[in-house]
Amino acid sequence: YINSQTRTKGWLNRRIVTLQLKTLQNNFNPHFIYNSMSLIQSLIIGNQQKKAIEVTAKLAKLNRTFLENSNSEVISLHDEIAFINDYIEMAQLRFEDDTQFQYQIHLPKNFNPKNWLIPPMILQPLVENAIKHGILSTKKQGRIDLYIREKDTQTIEIRLENLSTKSRKKLNPGMGIGIKLVQDRLS
C-alpha cells in the first residue's frame, strides 16, 4: 500500500509540473503572437514590407521551436539558449522604436550547453520580465546579460542581469505567474 501511494504521489507531482508548464506555455503563446502580429500589421501599414517579412520569418521560427519544445519534459540548455536568442531578437524588433537594448549570453570556455538538460521555458519568463520591467521602463538604452556557469557536475547557475538606468519600480503590472511557475518547476 505504501509503495502504491508513493508511486501515485510521484506520478501526481510529475503531472502537476507538466500542467504548470502547459499553463506557462499557454500564457506565453497567445500574448506573444498577438503582439507580434500587431507589429507585422503596423509594418505593413507603414510600408515596411521587407521588415514585415523579416518579423514574420522570425515569428514562424520561434513558434516552430516553441511547439517542438513544448512536448518535451527536458531539452538541452543549448536549445533553450537558441530559443532565447530568437526571442530577444524578436523583442528588439518589436520595441526598437521605443527602446533599444543590447544583450549578451556569457558562457565559460569549455562549457558545453548541449551536455545539460533543463525543463523548457525556464529562461523565457526571466528574460521577458527583464525586458518588460527593466528595459521598457527606462525608455533609453538598456542591457541584459545572461551568465551561465557550472557550479559542480550536477548544478548550473544561471544569472540574469538587467542593467538599466532607472529604479526597479514596477511600471508594467502583471499577474506575475511566469516567475512563480519557474520557481515551482525548479524546486
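Say R0 is 30 Å: what FRET efficiency, to the nearest 0.05, do residue 48 and residue 82 get from their beta-carbon distance? Write out the running numbers ahead of the final one.
Working: r = 27 Å, r/R0 = 0.89.
Once rounded, the FRET efficiency stands at 0.65.
List the pairs from 109/132; 50/132; 58/151; 132/180 whose alpha-carbon separation is above 25 Å, in the order I gave them.
The pairs that break the limit, which is 25 Å between Cα atoms, are 109/132; 50/132; 58/151.
How would you classify segment 65-108 from its alpha-carbon gyration tensor, with a ≥ b ≥ c the square roots of the eigenvalues: rounded for a/c under 1.5, else prolate if a/b is greater than b/c, otherwise oblate? Kindly include the intermediate steps, with their values, before the conclusion.
Values: a/c = 4.85, a/b = 1.64, b/c = 2.96.
Because a/c hits 1.5 or more and a/b fails to exceed b/c, segment 65-108 counts as oblate.
With every protein chain left in place, what is the accessible area per residue of segment 39-93 in square angstrom, probe 1.4 Å?
Numbers: 2850 Å² over 55 residues.
Computed with neighbouring chains in place, this is 52 Å² per residue.
Please compute the length gained on full extension between residue 41 and residue 5, using 0.36 nm multiplied by the number of residues separating them and subtracting their Cα-Cα distance.
Values: separation 36, 0.36 × 36 = 12.96 nm, distance 5.38 nm.
Between residue 41 and residue 5, full extension yields 7.6 nm more.
The values are calculated or read from the model by the stated rules, or taken from the named source; none is laboratory data. A quick note: this is a predicted structure, and the numbers were derived from the prediction, not measured. Virtual Cβ from ideal backbone geometry, glycine too; neighbours counted across all protein chains shown. The area values use the complete protein model at the heavy-atom level, side chains included, leaving out ligands, DNA and RNA. Shrake-Rupley method; radii C 1.70, N 1.55, O 1.52, S 1.80 Å.
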